[in-house]
1. Scan segment 138-145 and tell me whether some residue there is at pLDDT 95 or above, touching a strand residue (DSSP E or B) at 6+ places or on another chain (Cβ under 6 Å) and either open to solvent by 60 Å² or more (accessible area, probe 1.4 Å) or not in a loop (DSSP other than H, G, I, E, B) (or both).
2. List every residue pair whose Cβ atoms sit under 6 Å apart, with the two residues 6 or more apart in sequence or on different chains, where the first one lies in segment 59-72 and is more than 10 Å from Val17 (Cα to Cα) and the second, anywhere, is open to solvent by 10 Å² or more (accessible area, probe 1.4 Å) and in a loop (DSSP other than H, G, I, E, B).
3. Is it the case that segment 44-59 has a residue that's of a type in the set (Asp, Glu) and either under 24 Å from Ala132 (Cα atoms) or within 15 Å of the chain's Cα centre (by Cα) (or both)?
4. It is to be established whether one or more residues within segment 72-87 are under 20 Å from Phe141 (Cα atoms), among the hydrophobic types (A, V, I, L, M, F, W, C), open to solvent by 40 Å² or more (accessible area, probe 1.4 Å) and over 17 Å from the mean Cα position of the chain (by Cα).
5. Quick check on this structure: which one of Ala102, Ala116 is more than 18 Å from the chain's Cα centre (by Cα), among the hydrophobic types (A, V, I, L, M, F, W, C), surrounded by 12 or more Cβ atoms within 10 Å (Cβ to Cβ) and closer than 17 Å to His139 by Cβ?
6. Need the failing condition index for Thr125 against (1) assigned to a strand (DSSP E or B); (2) among the β-branched types (Val, Ile, Thr); (3) farther than 21 Å from Gly19 by Cβ; (4) over 11 Å from the mean Cα position of the chain (by Cα), just the number.
7. Check Glu118, Glu37, Glu27, Glu41 and return the single one that is in contact with a helix residue (DSSP H, G or I) (Cβ under 7 Å, 6 or more places away or on another chain) and of a type in the set (Asp, Glu).
8. Which residue pairs have Cβ atoms under 6 Å apart, sit 6 or more places apart or on different chains, and have a first residue in segment 102-131 that is under 15 Å from Ile4 (Cα atoms) and a second that is part of a strand (DSSP E or B) and among the hydroxyl-bearing types (Ser, Thr, Tyr)?
Amino acid sequence: MGTIEVRPARPDEWAAVGGLRWDSVFEFGGVADDSREVFAERFALWAADHADSHECVVAVEDGRVVGMTWLAVLSRVPSARAFDRASGDLQCAYVEPGRRNAGVGGRLIDAIVDRARERGLERVTVHSSPRAVPVYERHGFASEDRMLHVYVVHPEAASHRGAAPDEGR
């Protein structure tokens, strides 16, 4: 293994990032709508169109993207204490299986949190897989009883918690 650099993604790397995103869905049992190559091309276009609200950080080894994560920035309603407000959501963290358990994921998380601080964001949230919760906790994330969510469109996601999206209504 070579040295792994963690840094903001460049536009010429967005297709490679899209390939990792496709890999992550496939790895966890998802079914892709497109081939990896088609998805990666579409993803690169999406990344270009969303550069104002989504920042990507990559892990690069020998010129090849081996990990990624995203900071999605959301403007918040002004308050009397702070008119200009925003928060972030860490999304799509993924490291190739052969590069896991070597601190790469933690370095990506730290880079996103650092970027959020630079931007003056109030908080960063993450919706984690159960396997990754300890990693996020080691890097400063904590669960709160006040942070709630409801699934409104993506029924497969609700199955991870063992309930149908409309159960209990």
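1. Among the residues of segment 138-145, not one is at pLDDT 95 or above, touching a strand residue (DSSP E or B) at 6+ places or on another chain (Cβ under 6 Å) and either open to solvent by 60 Å² or more (accessible area, probe 1.4 Å) or not in a loop (DSSP other than H, G, I, E, B) (or both), which makes the answer no.
2. Glu61/Gly2; Asp62/Gly2
3. Yes, there is a match, as at least one residue in segment 44-59 is of a type in the set (Asp, Glu) and either under 24 Å from Ala132 (Cα atoms) or within 15 Å of the chain's Cα centre (by Cα) (or both).
4. no
5. On the way: Ala116 fails: more than 18 Å from the chain's Cα centre (by Cα).
Step by step, each of Ala102, Ala116 is checked, and only Ala102 is more than 18 Å from the chain's Cα centre (by Cα), among the hydrophobic types (A, V, I, L, M, F, W, C), surrounded by 12 or more Cβ atoms within 10 Å (Cβ to Cβ) and closer than 17 Å to His139 by Cβ.
6. Among (1) assigned to a strand (DSSP E or B); (2) among the β-branched types (Val, Ile, Thr); (3) farther than 21 Å from Gly19 by Cβ; (4) over 11 Å from the mean Cα position of the chain (by Cα), the lone unmet condition for Thr125 is (4).
7. After applying the criteria, what remains is Glu41.
8. Leu108/Thr69
The values are calculated or read from the model by the stated rules, or taken from the named source; none is laboratory data. Here the structure is a predicted model, which is why all the values come from computation and not from measurement. Note that each Cβ is placed from the backbone with ideal geometry, even for glycine, and that neighbours are counted across all protein chains shown. Side chains are part of the model used for accessible areas, which takes the heavy atoms of the whole protein and leaves out ligands, DNA and RNA. Shrake-Rupley method; radii C 1.70, N 1.55, O 1.52, S 1.80 Å.
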